[in-house]
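Note sheet for the following structure.
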Amino acid sequence: MSKSPTQKSELFFLLALIFWASASLALSPASVDTDKDGVEDSIDLDDDGDGVADSFDAFPTNPRYTKDSDSDGMPDKWEPLYGLNPNDSGDASSDKDQDGLSAKEEFNVNTSPNLKDSDRDTLPDKWETENDRDPTRPDYWIEAGASHTCAIDDEGVKCWGYDRREVLDIPKLTNPSMVSIGQYRTCAIDDEGVKCWGAPELSLGQSRIPVLSNPVDLSVGLEHACALDDEGVKCWGDNSSGQLDVPDLSLPSNISAGDNHTCAVDDRGVKCWGDNSNGQIDVPVLSIPTRVSSGVGGAGGTFDYIEDAFFSCAIDDEGIKCWGLNDWAKTETPSLLESPTDVSSGRQHACAVANVYSKGINVPPERGVKCWGRNKTGESSAPELLNPVQVSSGALHTCALSDEGIKCWGYEADDRYGITLVPELVIDPDGDTFSNQNGQDAFPLDPAASRDTDGDGKPDDWNTGKTEKDSTMSLRLDNDDDNDGVLDTVDAFPLDSTESADSDADGYGNNVDAFPFDPTEWLDQDNDGVGDAEDNCPIANADQSNADGDALGNACDDDDDNDGFFDYEDELPLDSSDHKDLDGDGVGDKIDNCPSISNSAQLNNDDDSLGDACDDDDDGDGVDDVRDVFPFDASEQRDSDGDGIGDNSDAFPDDAVVQGYQYLQTGSISQNVTSLNILNTSDKTQTFRAVLFDSQGNRAGGFSVVGEAVPPRGRKILTSEDLEKIFDVPPWSGPALLQVSGQGSFDLMSKLENPSGLESNTNCVREDRVSSLEGFDSRNISYVRVINIGNQDTGQIRGTLYDKNGNVIGERESLLISNLSPHAQTWLSRDKLAAKVGSRWNSEAMLEVSSTSDLKLLNLNYIIDESTFFNFSCFENNSSGRIYLQTASTSQNISATHLINTSDNPLELRGTLYAGDGTQIGSPNQLLLTDSIPPRGREVITSSDIEIAFGVSAWEGPALIEVVGTDSFELMTKLTSPIGLTSNTNCARENQAHNISGYDKSDVAYVRFINIGETPIKNVRGSLYDSQGNIIGNPEVIIIEELSPKAQTWKSRDRLSDLIGDTWNGLASLKIVNAHKNLRLLNLNLVNNDSFFNFSCYESGQ
């Protein structure tokens, strides 16, 4: 009688129990026990413990598989995963990926029959099997995190980037094969299991790694991690969202830990568990998925603002599918991707290795990396890569492994922390000492050769000590190494594809030889047709100019005019009749009408024997220039009301006048265009008049009324085109000076707009000192604009430049400007300053000048990347001061303050730190620096320095620091945005803010209210005025009910709108009606949702 399947099963287990009981008593140590059930395989009826007796199991030692319908040695369950037919035994010998291994061989070594490189380490499966390597265990690896990057090369794990919280302190690892980076923790698989490092202070169980048996996959999430070993998936760390609660998985093959969720691939598809706040565990329909990747958000490194990833992506046989939070369109997979083999989800972007249509739909795709989602710092702009196999997406950067090694892109292009700057890696699988990092080894799998100049697949030569017999790839030497079509035997330059002939045999190819048939000449640097050997000055004298007719051209001659005085001491080097030019105006003293004062134009208004620069009465009207308000106009001498119109011509000569200046007014043809806001801060309507002066101090046009009358609290906005029409002048070149006159109080706020629309505040000046002169180690260029607003010449202007240690750079009291005429202005660039003082410098320097009350200094830095100027002329100065906006090290925008000693004595500085609510942070009166600052020196303190000085951790929101010193000092605070844009923030007002942008502007305005006093400020009232002086919404509303001592608070545009009960367009002004002596206002605009610009500094009419 035949037995039923149930009876057979019961019989099988009964027999198994009997055999186990008898055999387990004497199990030999050398016995094989596949399923570790205590019964050795030789007597175990079910070796792999999968519930199917060995006699019915086609794969008795592999618990994953049991059936093989076509008896081809490959499981029925395995074959469809790779497009094979479980009912066709013929496909066992197929080689779909053409790597030299049959499908059956691929199954036996656990590799993919569809991939030549199953473990994605650039080494083909067949090569690894033939060279005693494991084709399932990666030899090379790349992993990008938030603020650091790790890789595996022949020497082990290497990490680089921002070394914070011990993330670069790699433990000892033995033969590592995989590394994974989370928020602050990094883990790796090696021969001993899993090891982790970084953020030792973190709890949540992240350091408690469970017991693992032969781990093969690893993933570190936000605050948890998971590994795949022989027993399945195990997770540890934070379980606040159930991310450690591993569901039932059937033969899992891949895992990925995200923010607070986890995903895995098993033989039934993809399963995710944990947090589902954004649908991140709602897996879409997938067809035979092979890999899954979950993004990791949080904070980390140099950008400690919190971001959530909350998404995952997977590869299936239809391509790539993503799900979860879709900000930045990161779950919207791009089209035109074929045959993806790797996918990586970062913080706000994802990338894949696939066949990419990078050159259009009509051009065949190429193997490459394609990214989508956020591209804030270029993290999604993948470069061209040669056969990439791995990609890893971080927070703001991405890395990939290809046949040319490891390459990273995105954040840190300026090398501030080196996150994307790949160090020297050893990728040398063939062991010929030529690393394949950056593609240095053209034959990375053949130890006999490494160089292939023309890239034709044939080596230029053999490596030292090697011959053709040593080639493992049966290589043949190239007979045309540079592939220029000329055989090496007749090629004069066999390794240079640009050259092949050398007609005059002088060692220089005909293509580069300017004189290919003249063996005595080959170079003509100045392209004057004269070879350098015959040229009187071969490097910089194209016209062969030679003033004195000697053997040397002027550019190379130490005495161009041959008058016996070297050019460096000859003030007129091309004029043999004179060598002295005392005032440096280019006119020899013998014929100069004013030899002691610069007067290059030899102007002589009254045509007497003295030029204007030396004449006490330039217009010859009998009134000395010092008493003559109009020294060049013989018809006028007085201007009683100071309105720029002489009394003889003024219909109202005794009208009182208030004056102010716009110091930097460009013409409409300038690349950077200025606009002027004239704000009537008085209680009466004013008509404003102005005088425009060019850079030489000459009037441009007349004394003009600038538009219609401006009502109280209203404003007039004038562009360059407006001023050109008002003064009836064409566009001018270079900045001009605008003198504005009114009958009451007013403010002048000037904005400079670059070609991309970025606006900065420029109408803020100093009188005797500027402190932000960037050195020659900076890409940005510093300028000092020197402006004479007075009616008299300045005479010589001298200055001294100090480095950060207080040392004089070059010569003390160097002559900077021979003379500056009334209302004239000039630039002193970094290069010009270096020439004036006789020395270059690095880092930031301070310039002190011999000042007069009418001399103004404008310190502008030209930012190369933004093509615009930023003003650094405004800062706190005294023997006590404040840092109004001090961010913590965890802030998105990071502040650094320059502590500048302006005294003649060593300076000690102490500070007290206050949180936003006015409470003290740490102990009061703390030393900010361990050492004193030398006279005229400076120190720069960062947020981290301040946290160390006060012994505190990072605080929430901006803080206030009160600073006291043993002598005079200045405080200049620079705020750096995430994209590296730096602005000046330490400048505040007392009772009004003028740059509150309306709802038609994309930039968002903020006003920060700060109480610097010791008592509360209550019921701060204010009114908001539009450009016409009309009150917006309700007048004199309570903006702040109470502001505690040392406290500060933000009022955004939206909050101000709520308080007054109305919205507005255009720019508005806020006037505090009950101003308090201890109240400070900081007017900041958030530009491009990224960078704060300060608009609190401007000129007031006096």
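Throughout, read-outs are computed from the coordinates displayed, never taken from laboratory work. Predicted model only: the values in this text are computed from it and were never measured. Don't worry about glycine lacking a Cβ; one is built from the backbone with ideal geometry, like all the others, and counts go over all protein chains shown.
Some values worked out for this structure:
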item: Shape call, region 876-984: gyration tensor on alpha carbons, a/c limit 1.5; result: oblate
item: Residue-averaged [θ]222 nm for the chain, counting only DSSP H segments that reach four residues, each worth -39500 (n - 2.57); result: -1500 deg cm²/dmol
item: Computed over the chain: relative contact order in percent, which uses C-alpha pairs under 8 Å that are six or more apart; result: 5 percent
item: Proxy reagent accessibility, fewest Cβ within 10 Å first, across D119, D548; result: D548, D119
item: Within the chain: Cβ-based charge dipole about Cα centre, in debye rounded to nearest 20 (Lys, Arg +1; Asp, Glu -1); result: 7400 debye
item: Folded to 0 to 90 degrees: helix 5-23 orientation relative to the chain principal axis, Cα; result: 90 degrees
item: Net charge, R798 excluded, C-beta distance under 12 Å - Lys, Arg +1, Asp, Glu -1; result: -2
item: Cα-centre dipole for region 945-1098 with unit charges at Cβ (Lys and Arg positive, Asp and Glu negative), debye to 20; result: 300 debye
item: Net charge over other residues, Cβ less than 12 angstrom from the Cβ of D70 (K, R count +1; D, E count -1); result: -4
item: Neighbourhood charge, 14 Å Cβ-Cβ cut-off, centred on G346 and excluding it, Lys, Arg +1 and Asp, Glu -1; result: -2
item: Relative contact order of region 658-761, pairs being alpha-carbon contacts under 8 Å that are 6 or more residues apart, as %; result: 44 percent
item: Region 876-984: relative contact order in percent, alpha carbon pairs under 8 Å with at least 6 residues between; result: 45 percent
item: Spread of Cα-to-Cα distances over 10 Å intervals beginning at zero, given as percent, for region 658-761; result: 16, 50, 29, 5
item: Cα lying deepest toward the dipole's positive end in region 989-1102, options S1044, Q1028, N995, charges on Cβ; result: S1044
item: Percent of C-alpha pairs per 10 Å bin, the chain, short to long; result: 2, 8, 13, 16, 16, 14, 12, 9, 6, 3, 1, 1, 0, 0, 0
item: Values of log10 I(q)/I(0), in the order q = 0.22, 0.24, 0.26 Å⁻¹, for region 463-543 under a Debye, Cα-only, solvent-free model; result: -0.96, -1.03, -1.10
item: Region 133-244: C-alpha pair distances exceeding 21 Å, %; result: 31 percent
item: Total charge dipole magnitude, region 140-421, about the Cα centre, Cβ charges on Lys, Arg, Asp, Glu only, Debye to nearest 20; result: 480 debye
item: Ascending count of other beta-carbon atoms within 10 Å, so fewest first, for K77, K172, K271; result: K172, K77, K271
item: Packing rank of 435-443, 803-811, where each peptide gets the mean count of other beta carbons within 10 Å, highest leading; result: 435-443, 803-811
item: Cα gyration tensor shape for region 140-421, rounded if a/c is under 1.5, else prolate or oblate; result: rounded
item: Exceeding the 28 Å Cα-Cα cut-off - candidates K126/K469; K36/K158; K234/K321; K330/K974; K370/K974; K804/K836; result: K36/K158; K330/K974; K370/K974
item: Sorted by Cβ density within 10 Å, fewest first, the residues Y999, Y862; result: Y999, Y862
item: Candidate lysines for bridging to K67, where Cα separation is under 19 Å - those fewer than 8 sequence places away on the same chain excluded; result: K8, K77, K104
item: Whole-percent pair-distance distribution, where bins are 10 Å wide, for the alpha carbons of region 989-1102; result: 14, 49, 32, 5
item: Spin-label pair V1037/T489, simplified geometry with 7 Å Cα→Cβ offset, distance in nm; result: 9.3 nm
